[in-house]
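Taking it in order: structure first as structure tokens, then the write-up.
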Amino acid sequence: EVTPDHMLLLNGVFAPARTARVGALLSAGAPTADAYAIAAISHRRGGITNPLTDTGTILAADASGDPIVAATGNEWLADVLLSAHPRRTLSYALARAFPANAQAYYDEALEALFDVALPHLAVLKAALPLPLTTLFLAAADVALGVGFSVFSLGRFAPLALAAPLAAMHRAAK
């Protein structure tokens, strides 16, 4: 299950899922693996997971289906996610080191923001020359890293306050 703007290895090239048609071929992964012809297309809403991988791809499947190759992100950023660039970013390093916090940060703080911002970011990325796009993505990476740090520290604030309070309580006895 993927979103309409997620990229699939469709007829041998990455293309948005919304362009898939009955009869098109989906890749099963390895170069020698079978391709699957699309028999039907359905639409529904469910949970979304956006993993970070070294290759920018995953094998996606539901409980009863065969896996197909999909990009880990959507079309506006697929060229970046399918490159070696993400492995060199602060966001990637933080997500790799703290996966549970990174997923919580995305779920609780970023998902709604990205839902609103992505259409505008896609237009901006298409309009900017490559050097400015690169600069924008680098600045966004730093902003995401700072936001992640603040979010993560905030999650531990109750624990940070509890320790001195417990020590003062013991000292008062």
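If you go through the stretch 59-103 and pick out every residue that is under 23 Å from Ala117 (Cα atoms) and assigned to a strand (DSSP E or B), you end up with 5. Just to be sure before I move on: is Leu110 modelled with pLDDT under 90, part of a helix (DSSP H, G or I) and over 22 Å from Leu77 (Cβ atoms) in the structure I sent? Considered against the rule, which asks whether it is modelled with pLDDT under 90, part of a helix (DSSP H, G or I) and over 22 Å from Leu77 (Cβ atoms), Leu110 comes out as no.
Selection over the stretch 118-145 of residues that are within 16 Å of Leu81 (Cα to Cα) and touching a Leu at 6+ places or on another chain (Cβ under 7 Å) gives a count of 2. Scanning the stretch 39-57 for residues that are surrounded by 17 or more Cβ atoms within 10 Å (Cβ to Cβ) and modelled with pLDDT of 85 or more yields a total of 1.
Evaluation of Asp141 against the conditions (1) out of contact with any Ser or Thr (no Cβ under 9 Å at 6 or more places or on another chain); (2) outside the structural domain of Pro4 (by TED's automatic domain parsing) shows that the sole unmet condition is (1). Kindly check whether there is at least one residue in the stretch 75-88 that is over 25 Å from Ala20 (Cα atoms), surrounded by fewer than 13 Cβ atoms within 10 Å (Cβ to Cβ), of a type in the set (Lys, Arg) and in contact (Cβ under 8 Å) with a residue 12 or more places away in the chain. Looking for residues that are over 25 Å from Ala20 (Cα atoms), surrounded by fewer than 13 Cβ atoms within 10 Å (Cβ to Cβ), of a type in the set (Lys, Arg) and in contact (Cβ under 8 Å) with a residue 12 or more places away in the chain, one finds none in the stretch 75-88, hence no.
When Leu94, Leu8, Leu26 are screened for being within 30 Å of Ala143 (Cα to Cα) and not assigned by TED's automatic domain parsing to the domain that holds Ser149, only Leu8 passes. Pairs linking a residue in the stretch 114-139 that is closer than 22 Å to Arg88 by Cα to a residue that is of a type outside the set (D, E, K, R) and part of a loop (DSSP other than H, G, I, E, B), with Cβ atoms under 8 Å and 6 or more positions apart or on different chains, are Phe136/Leu128. Quick check: is even one residue across the stretch 162-173 part of a helix (DSSP H, G or I) and in contact (Cβ under 8 Å) with a residue 60 or more places away in the chain? Scanning the stretch 162-173, I find no residue that is part of a helix (DSSP H, G or I) and in contact (Cβ under 8 Å) with a residue 60 or more places away in the chain, so the answer is no. Residue selection: Leu159 fails the criterion of being in contact with a Phe, Trp or Tyr (Cβ under 9 Å, 6 or more places away or on another chain) and either aliphatic (A, V, I, L, M) or at pLDDT 90 or above (or both). Against the conditions (1) surrounded by 13 or more Cβ atoms within 10 Å (Cβ to Cβ); (2) assigned to a helix (DSSP H, G or I), His120 satisfies every one except (1).
The values are calculated or read from the model by the stated rules, or taken from the named source; none is laboratory data. Note that the structure is a prediction, hence the values are computed from the model and not measured. So basically every Cβ, Gly included, is an ideal-geometry build from the backbone, and we count neighbours across all protein chains shown.
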